[in-house]
Amino acid sequence: MKPRHILIVDDEDDIREVAELSLESVAGWRVATAGSGPEGVSKALEEPPDAILLDVMMPDMDGPSTLAELQRHEATSDIPVLLVTAKVQAADQRRFEALGVAGVLRKPFDPMTLSDQVSGALGWG
Amino acid sequence: MPSAGASGARAGLEAAIQGIWERHRSDFVKGVEDLESAVGALLDGGLDEHGRAHAERQAHKLAGSLGMFGRERGTELARDIERALGAGGGPRRSDSLRLSRLVGALREELGDESNAPEPQDDGAQATDGSLDRATLLVIEGDGDLGARLTTEAESRGMRSRAVRTPSAARAAVAHERPEAVLLDLTLADDSAGALELLSEVSRSDPALPVLVLTSSDVFTDRVEVARRGAFGFLPRSLGTVGVLDAVEEALGRRTAEEARILVVDDDAAVLAAIRAVLDREGVTVTTLDDPLALWDVLESVVPDLVVLDVDMPGASGIELLRTMRGDGRFRNTPVLFLTAHTDRETVNMIFESGADDYVPKPVVGPELRTRIENRLERIRLYRKLAERDGLTGVLNRRTAETALERLLRNASLLEQPICLAMLDLDHFKQVNDRYGHAAGDAVLRRFGGMLLAEFRGEDVVARWGGEEFLVGMQGMTSDDGVRRVAELIESFRTQRFTAPEGGFFQLSFSAGVAAFPSDASTVADLYRVADEALYAAKKAGRSCVLPAASLPAAALAR
């Protein structure tokens, strides 16, 4: 079976690096990364991944705007998106869930179990 | 799959994550530094919306990252900071202390910054070839004064070093363990950085006395500086000689609080071994290999405990002890013998000569330490009993009077103000009558504890009698004192005490404040005037503080 392909969109270098390392070495997935919303959208259009991990708080084009852009393109509108956020308030969580995402992951994540969390949220066996 | 393989992969991932941490660590440190600047600006009343939003973003980033690297506490701290910065209407100045504590703790979570290479051009100047232990650390932005101070320190036989930046200072504190710090708050135009540094250093373990250099042309929020644990204030105008005099005094007094042990043995190897066992925080060890010089050294050291070898050429330990016991000054000094002979005859002789205990040779570290600890514990206890109020742990009146005289003498030498506050619990008798004396004692204990937590360093905290307490604050004007006491009144009022029959009760206190030199120039007059102000505060409805300056002149003239 072809390995899963994940796109990580986050403006923080350290988070991108840890997430990429974690998903590759723990789950054996193929990982692409993008450091901004626009870059994430263009990478997703180039090579649609199986899922996208999308940071909420990014300068200029934030997570929700990036999500709207992805939903606007036919090639990417069906890709499941997991929002990743350090906001912990329940109200924020509900607001994000209402945007039509597959799930919300909390930052900081545990690099040992990140792939389990992603699989769980997406219903991957 | 064998679990060894899985755990090996896990270890590999952990190592790789550690690598990412190392690579980005400086970014996290930078984030914390931004938070520190924001707290500094908040303290100065100058944190604008742009600065606040930037700091909030930094805290948010740190919260999202640190836990990923196993630093969950860092994430929690950053989250608290983010919340405080983003609270409705932004943080208030009164939040700054809490914020600064959080940010300080966060910095600690990032690990020892001093491991990072120091820039060469940090203004560090060693005045001693060996940097292993500087006695005095001078942290000063204007290199010229720093150089003059270190030169003066050198000429007095102190080791000394001057640094110009907070990061160089942190490294020096971590690696060189100075015994005292002189801090210029106008450090490189970064007063917030200097304040943060003050908090860190004065709360380091073991605590370091930090003397703060002040300047008449720069406003210093002395209350804030005192809260951050400054040991005392020194005006720059004292000049290098005056400043060093004050440093020596502070160091001397600190040494006086330590337990002094004198060890006499003709074998240098034994002395070195004992020193290694005993030398640590709170203990000063003097060693002597010539028993005939004992008398001179006894008089100069005045030890709390003497360790004597029984068999020494020239004079036996037992003879020396007999001579000691014949002198009134050393009749009660505890003496412990080291002996290779533990036959009954020798042991009897040891105790008959007036020794308190003995340790068989060869000396075994833990045993010697335990026996000496037992003695020292008792000495400290007796000292404490003689100086402190048994119930509250603050100084008793007799000791406080001496301490206040010293505080006033130094203040007048250093041309610094001092502020004296008399504090009296309101309606305390009713507490005793209604809830019993145990409840009353609990109130006094907590009140004493609160005062000890608030006033440190050179400050004097004492129970003056009954429910009346006294605080002497070094470097504080009347206004400063009123401000500090007013805040204490606020916080004490909200404290709850448990009533014996269940439920709780609350009470307040009133205070009067007088300052030197503005209100009076002797301890007796300061006390009298502060007491007048206290009386006026009681008459004004209690639960308030009044300065002597607010009293009608007639009241003061009495």
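What follows draws every value from the coordinates through simple rules; no lab data is involved. Here the structure is a predicted model, which means the values were calculated and not measured. A quick note on method: Cβ atoms are made from the backbone with ideal geometry, for glycine too, and the neighbour counts reach across all protein chains shown.
Each Cα pair under 8 Å and six or more residues apart adds its separation to the average, and for chain B the resulting relative contact order is 8 percent.
For a Förster distance of 60 Å, can you work out the FRET efficiency between the beta-carbons of B:D357 and B:H427, rounded to the nearest 0.05?
0.70
Note on the protein assembly as shown: lysine pairs with Cα distance below 27 Å, sequence gap of 8 or more or different chains, count 12.
Across peptide A:8-17, the mean count of Cβ atoms from other chains lying within 10 Å of each residue's own Cβ comes to 4.
Magnitude of the Cβ-charge dipole of chain B, K/R +1 and D/E -1, about the Cα centre, nearest 20 debye? Let's see the in-between values first.
Numbers: 67 positive and 90 negative charges, 405 e Å.
Using only the charged Cβ atoms, the result is roughly 1940 debye.
Taken about its Cα centre, the protein assembly as shown carries a charge dipole of about 2440 debye when Lys and Arg each add +1 at the Cβ and Asp and Glu each add -1 at the Cβ.
Dipole size of the range A:29-125 about its Cα centre, with +1 on Lys/Arg Cβ and -1 on Asp/Glu Cβ: approximately 320 debye, rounded to the nearest 20.
Mean per-residue shielding of peptide B:19-26 is 3, counting Cβ atoms of other chains within 10 Å of each Cβ.
Look at the stretch A:106-117: the mean tally of other chain Cβ atoms within 10 Å of its residues' Cβ atoms is 4.
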